[in-house]
Amino acid sequence: MPRPTSPSALSTLFRLKPVTTEDDSGLKRVLGPASLVALGVGATIGAGLFSLTGIAAGDNAGPAVTLSYLIAAIACGFAGLCYSELASMIPVSGSAYSYAYVAMGELVAWIIGWDLVLEYAVGAATVSVSWSGYITSLLAEWGIHLPARLTASPFETIPLPDGTTTTGIANVPAAFIIALVSLMLIRGTSESARVNAVIVTIKLSVIAAFIGFGLPYIDTANYHPFIPPNEGTFGHYGFSGVMRAAGTIFFAYIGFDALSTAAQETKNPKRDMPIGIIGSLLVCVLAYVSFSFVLTGIVNYKDMIGDPAPVATAIDRTHATWLRLAVKFGILAGFTSVLLVLLLGQSRVFFAMSKDGLLPPLFSKTHKRFHTPWLSNLFFMVITGVLAAFLPIAELGHMTSIGTLLAFTIVCAGVLILRRTTPDMERKFRVPGGPVIPILGIASCLTVMISLDSLTWLRLVVWLALGAIIYFGYSRRHSLLNR
């Protein structure tokens, strides 16, 4: 007869990690508030702005895609404030994983840590494939043509100039950029931050140029109706379309939360983390709303349906054809900076989980010279590079949004729990309004999650089930709290 599970065995699933701010990580503290804002903007503003805006406007929201960006920003803003409070309380690497470990226990921490793998690793692989497409296009304009079979996965069909088709071998440019960025991160966080600052300046300049040159070409008739009437299907225009678009473009806001994974490389995390998180989010909201307003003013939303490059269409109407080349540079810059921060965040989450014993110790070993978790960087360079080279992972990009929303929901809940369990703990930054903003953060994130399709939810459940196998097979027994 099987022995019943004892209460003590069940209680280990929710054992809490003691709050500590001691720094025994071996990581160098080199980041200040300006670097953090640049990292946040670098991770958040990517090519999603140039591609998702047209898709969401044409298929879901029409000109009201501007409202969709604001709705998504509100959910991010609530979560950003909660991230700031927890980062000021628990200035250690690991982001939402570390906060959940302190507030809700080991099992929830594992779930969110495994969830962050979905957000960062799959997101980085998806972005690298898009980077490959744009660099291939840019080189072609200069007369450099890469072999088609080396720019696509074996599962993709490629049309050839003679009208025939073939399949790819491997997406070499995608794997190349993953390797390049990973090696840069191994070299050092401060060096990576300086490169990121240059890239952020380039892409913000491109966005400003598009807005500035596009304003005179806005046709106000394109804003009517601002919210097109629903056509009988949920998510196809109307308010449901605005909400579906908010869920779709939420991918464009992913990244600012990755800042909190670098807390142990920040000079004064209790002060600088809130500045970095909130500052970068404000810059991104302004850029997104302005860009989408100008784009839908130049090009009617109906003309964006099925248009793979609505931004290029808008540029043609401004007669500033040089902007097309500049936008491609801006997109490449955006992709590169997003990759940099996603791969940084992923390695730091694994670093924190390894330090806690939930993953093998090799992931928390730091380089003797560079003081970076180089083995973790190399591991994800290989894993993400293989995904990018051999799998058609564009569909997996939808998983990144739902993974991030789940992380945001748990962070907002963590603020409520820690205010009850550790009310006297020092908080350099406190979310104003008592429990109102955390509750609104939970509600808004769950609302956007509900708007996502059922297949995305199924993938999340399968991914978390795989994580549960690893936790109960390895992590639970090797946890430092189990010793």
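The values are calculated or read from the model by the stated rules, or taken from the named source; none is laboratory data. Since the model is a prediction, treat every value here as computed from it, not as a measurement. All Cβ positions, glycine included, derive from the backbone under ideal geometry; neighbour counts span all protein chains shown.
The requirement of being on the phi > 0 side of the Ramachandran plot and either of a type in the set (A, V, I, L, M) or in contact (Cβ under 8 Å) with a residue 40 or more places away in the chain (or both) is fulfilled nowhere in the range 135-151; no residue meets it.
What is the residue count in the range 424-463 for residues that are surrounded by 12 or more Cβ atoms within 10 Å (Cβ to Cβ) and either of a type in the set (D, E, K, R) or within 27 Å of I74 (Cα to Cα) (or both)?
Total meeting the criteria: 26.
Return the only residue of T384, T404, T372 being assigned to a loop (DSSP other than H, G, I, E, B) and polar (S, T, N, Q). T372 is the lone residue from the list that is assigned to a loop (DSSP other than H, G, I, E, B) and polar (S, T, N, Q). Taking the range 273-311 as the range and being acidic (D, E) and at pLDDT 85 or above as the test, only D303 passes. Does the range 181-209 hold any residues that are surrounded by 14 or more Cβ atoms within 10 Å (Cβ to Cβ), aliphatic (A, V, I, L, M) and under 28 Å from F351 (Cβ atoms), and which are they? Hits for the range 181-209 are V181, M184, L185, I186, A193, V195, A197, I199, V200. Only residues that are under 17 Å from D257 (Cβ atoms) and at pLDDT below 75 were counted across the range 14-44, and they come to 1.
The number of residues in the range 212-232 that are surrounded by 11 or more Cβ atoms within 10 Å (Cβ to Cβ) and hydroxyl-bearing (S, T, Y) comes to 2. A search for C-beta distances below 7 Å between a residue of the range 103-124 that is at positive phi and any residue that is surrounded by fewer than 24 Cβ atoms within 10 Å (Cβ to Cβ) and part of a helix (DSSP H, G or I), counting only pairs 6+ apart in sequence or on different chains, returns G105/L13; G105/F14. Restricting to the range 59-108, and then to whatever is β-branched (V, I, T) and assigned to a helix (DSSP H, G or I), can you tell me which residue is farthest from G241 (Cα to Cα)? Top of the filtered list is V102.
Pairs are defined by a Cβ separation below 8 Å, a sequence spacing of at least 6 or placement on different chains, a first member in the range 159-172 that is surrounded by fewer than 16 Cβ atoms within 10 Å (Cβ to Cβ), and a second member that is assigned to a loop (DSSP other than H, G, I, E, B); the pairs so defined are T166/L160; T167/A152; T167/P154; T167/F155; T167/E156.
Just to be sure, is R348 touching a helix residue (DSSP H, G or I) at 6+ places or on another chain (Cβ under 6 Å), surrounded by fewer than 19 Cβ atoms within 10 Å (Cβ to Cβ) and of a type in the set (D, E, K, R)?
no
Scanning the range 122-147 for residues that are part of a helix (DSSP H, G or I), modelled with pLDDT of 85 or more and over 29 Å from the mean Cα position of the chain (by Cα) yields nothing.
Here I177 meets the list (1) at pLDDT 85 or above; (2) surrounded by fewer than 22 Cβ atoms within 10 Å (Cβ to Cβ); (3) touching a Ser or Thr at 6+ places or on another chain (Cβ under 8 Å) almost entirely, failing just condition (2). Check whether at least one residue in the range 385-397 is surrounded by 15 or more Cβ atoms within 10 Å (Cβ to Cβ) and either under 18 Å from Y101 (Cα atoms) or among the hydroxyl-bearing types (S, T, Y) (or both), and report yes or no. Scanning the range 385-397, I find no residue that is surrounded by 15 or more Cβ atoms within 10 Å (Cβ to Cβ) and either under 18 Å from Y101 (Cα atoms) or among the hydroxyl-bearing types (S, T, Y) (or both), so the answer is no.
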